[in-house]
Amino acid sequence: MSRSVTVDGSAVKNPMNVRVPVGIRIQDIIDFCGGYAYDPIKIIAGGPMMGRAIYDTDAPMLKSNNALLAFAEDIAYKTSRDCIRCGKCVAACPMGLMPTNIAKYASNKDVEKLAKSNVMACMECGCCAFSCPSAQPLVQYMSLAKQLLREEGKK
Amino acid sequence: MLKVSSSPHAKSKDTTTGIMLDVIIALIPALVMSVFYFGMRALALCAVCTGTAVLSEYISRKVMKRNNTIGDLSAVVTGIILSFNLPSTLPLWMGALGSVIAIVVVKQMFGGIGQNFVNPAITARIILMSSFASSMSSWAVPFTKSFSDAVTTASPMALLANVCKGSATVEQAGLPSLSQMLLGMRAGSMGEVCAVALIAGGIYLVARKVISPVIPVCFVGTVGVFMFLYSGFDITFTAYQLLGGGLLLGAIFMATDYTTSPMTKWGKVIFGVGCGLITSVIRVFGSLPEGVSYSIILMNILVPHIENLTRPKVFGQVKEKKEAKQA
């Protein structure tokens, strides 16, 4: 069981594509690629849109991870502001959801409205949060919304 | 220590401040033209409105113990647009009062940017209109540049209202020529006169993808079709209606306000057509010569309902409904 992984990012010394066994320690992959050129600030298991930021390189590489990115700078950091209802997230959503409304319901814990919002169709592709000029953490709100619905379902 | 955060780890370069800066850039041609026609008095009014708007945003956020948001430049945009809605002869303190109403009452008391349910600048204009009706409708003749005692005249919209009432024809009504209307050599609110500058600003905003062209096109198009049919296919009358009043200013800069217009594509169509219909009906049948601000504020109130009715179809939703029926 192995898969190809792209190792890239400004902190990696020799960026390359490697074939690794599933479950290998992430630190081992980085060492294989020559270690760090600069001190990493952020390491992402997966791609920039849907990958997960990890806090420890002792974690294993998962079957679903197609990339390993290590950055020496905090990429794409924007200060979050209030939503201005520009509608860019609505236009960006490939599933036809209204992310800013779902985020509002989630932060209000309005489960009734969440149930009608089709948030479960969200695949967390990150297009809404990418396009948001107010840098709202929309994907995080989507996850929160799904969690709230699941908890409601358990009752 | 590694930083962790929710995905996505890439973000577009758009920011609220950048969007507002684009709107300000788009407003500059109209401001330059209004200073050209109405002199430094117009610039002074614009500066007072903008300054008061920013100051009242700063103070009201401070009093409400909220974070300072003047950096997003939205108060600057509100101030400039409000001044564009006022006659250049308006006493400066009335402009300042309008800014305070727009920012403190309409915007900050409802929770700040993104939360107001009506357009702040339009609401302030309507309040000023009903409070100081005579000052709000004394229009300066272009190129009378003295600071205090400007010569005033009737606005083209008031003359057009006579045409609608049947007391004059388009030729007899004493209207400026169509090319004067296009360039803005006419009486009117300081920012609304120059159609060319407003359209240039609109094209800039569409090219920068700050606004979608749907609302302005539907708004202006509806007024055009309505007036064309009403006047019995009179192109001159229709052209005066399209260039006159605050139609272009309203359609391009105020109806497209993010917070108070629908986010959905079909919602924008309904919003634009609704604004156009209400404007036309007020202009033709109402006792007021001008209806753009009232049409926008009425449609603003309907936005939550329009959005509910025009929610985009969720991918795969129809299939789920069919399965549910079978089960």
Determine which member of the set B:F233, B:F226 is open to solvent by 20 Å² or more (accessible area, probe 1.4 Å), part of a loop (DSSP other than H, G, I, E, B) and out of contact with any Phe, Trp or Tyr (no Cβ under 6 Å at 6 or more places or on another chain).
B:F233
Where the second residue is assigned to a helix (DSSP H, G or I) and the first is surrounded by fewer than 16 Cβ atoms within 10 Å (Cβ to Cβ) and lies in the stretch A:144-155, which pairs have Cβ atoms under 7 Å and are six or more apart or on separate chains?
A:E152/A:V111
Does A:K104 satisfy being charged (D, E, K, R) and either more than 21 Å from B:T310 (Cα to Cα) or not in a helix (DSSP H, G or I) (or both)?
no
Among the residues of the stretch B:41-86, how many are surrounded by 22 or more Cβ atoms within 10 Å (Cβ to Cβ) and touching a helix residue (DSSP H, G or I) at 6+ places or on another chain (Cβ under 7 Å)?
22
I'd like to check something: does the stretch B:253-270 contain any residue that is open to solvent by 50 Å² or more (accessible area, probe 1.4 Å) and among the charged types (D, E, K, R)?
yes
Testing B:Q317 on (1) modelled with pLDDT of 90 or more; (2) open to solvent by 30 Å² or more (accessible area, probe 1.4 Å); (3) in contact with a Gly (Cβ under 9 Å, 6 or more places away or on another chain); (4) within 30 Å of A:A121 (Cα to Cα), one condition comes back false. Which one is that?
(1)
I'm checking my understanding of the structure. Among residues of the stretch A:1-10 that are of a type outside the set (S, T, N, Q) and under 20 Å from the mean Cα position of the chain (by Cα), which one is surrounded by the fewest Cβ atoms within 10 Å (Cβ to Cβ)?
A:D8
Restrict the check to the stretch B:237-248 and report whether at least one residue is free of Cβ contacts under 8 Å to residues at least 12 places away in the same chain and either under 14 Å from the mean Cα position of the chain (by Cα) or assigned to a loop (DSSP other than H, G, I, E, B) (or both).
no
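The values are calculated or read from the model by the stated rules, or taken from the named source; none is laboratory data. Predicted, not measured: the structure shown is a model, and the values here were computed from it. Note that we place each Cβ from the backbone using ideal geometry, even for glycine, and neighbour counts take in every protein chain shown. Each accessible area value is taken on the protein alone, full model and side chains, heavy atoms only, with ligands, DNA and RNA left out. Shrake-Rupley method; radii C 1.70, N 1.55, O 1.52, S 1.80 Å.
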